[in-house]
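Notes for the one structure printed next.
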Amino acid sequence: QSAMDMATAVPISFADAGDVVQDLNTRLGLTGDTLTEVGTQIAQVGHMTGEAFDTEAFAGAMSVWGVSADEMSGKLDTLFAVSQSTGLGINQLTGIVESSGPQMQALGYSIEDTAAMAGLLDKAGLDASGTMSKMSKALTTLAKDGEEPADAMRRVTEEIGAYIEAGDEASAIAAASDLFGTRGATQFVAAVQSGSM
């Protein structure tokens with residue numbers, strides 16, 4: 001029934017709708033109205049973007065972040081909105097949110113924050129996935145005695161912002177290089193200056 005409802009609501013074949021329903025049911029245990037709602041959204045995203053939505057990556061992201069069934073529709077809306085506003089492909093964004101989930105949760109970020117950061121990093125010309133991975137490792141090293149990685153991220157970002165505000169771009173780049181490496185530091189500072197971060 002969910003597949004038939006999807007195929008009626010969105011230009012999608014019954015077979016493709018069936019695949020989406022099966023994936024969501026098998027991977028996430030969705031049933032009933034929630035299955036139909038999320039499945040229809042996935043079909044709509046695929047129709048609007050012209051590419052098949054990666055249901056497996058979405059299921060993985062929802063599992064990694066511990067998203068409940070009734071919250072999944074809203075999270076999918078968030079991912080789509082970030083993709084549309086930044087130009088980062090929805091499947092690539094979903095994959096980044098899935099793969100960086102454990103590290104970003106340890107840093108105190110929500111799934112929404114992580115998606116937004118990935119989109120902004122990509123828009124700023126940085127490799128979002130690689131940058132977030134490096135950032136997580138660097139923060140563990142940079143954290144002062146007893147400091148949580150999330151607190152270290154706030155502290156370092158504030159330091160970079162203070163350097164920029166003071167007009168000391170060289171110090172901002174030096175501080176950013178600890179997080180993003182030499183190549184990424186300049187781009188990150190430029191993104192902060194432009195208001196993208």
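Computed quantities for the displayed model
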| quantity | calculated |
| --- | --- |
| Near pairs, Cβ below 8 angstrom, 6+ apart or cross-chain, from the stretch 50-74 (closer than 19 Å to Ala17 by Cβ) to any residue that is open to solvent by 50 Å² or more (accessible area, probe 1.4 Å) and among the polar types (S, T, N, Q) | none |
| Options Phe80, Phe53, Phe58: the member that is in a loop (DSSP other than H, G, I, E, B), of a type in the set (Phe, Trp, Tyr) and within 21 Å of Ala118 (Cα to Cα) | Phe53 |
| Qualifying residue in the stretch 42-60 (condition: among the β-branched types (Val, Ile, Thr), at pLDDT 80 or above and either within 30 Å of Thr182 (Cα to Cα) or touching a Pro at 6+ places or on another chain (Cβ under 8 Å) (or both)) | no |
| Filter result (farther than 15 Å from Ile90 by Cα and either under 10 Å from the mean Cα position of the chain (by Cα) or open to solvent by less than 50 Å² (accessible area, probe 1.4 Å) (or both)) within the stretch 126-137 | Leu126, Gly130, Thr131, Met132, Ser133, Met135, Ser136 |
| Selection within the stretch 9-31 - open to solvent by less than 70 Å² (accessible area, probe 1.4 Å), farther than 15 Å from Ser63 by Cα and in contact (Cβ under 8 Å) with a residue 12 or more places away in the chain | Ala9, Val10, Ile12, Ala17, Gly18, Val20, Val21 |
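The values are calculated or read from the model by the stated rules, or taken from the named source; none is laboratory data. Since the structure is predicted, the reported quantities are computational estimates derived from the model, not experimental observations. Every residue, glycine as well, gets a Cβ built from its backbone with ideal geometry; the counts of neighbours run over all protein chains shown. Protein only, heavy atoms only, side chains kept; ligands, DNA and RNA dropped before computing areas. Shrake-Rupley method; radii C 1.70, N 1.55, O 1.52, S 1.80 Å.
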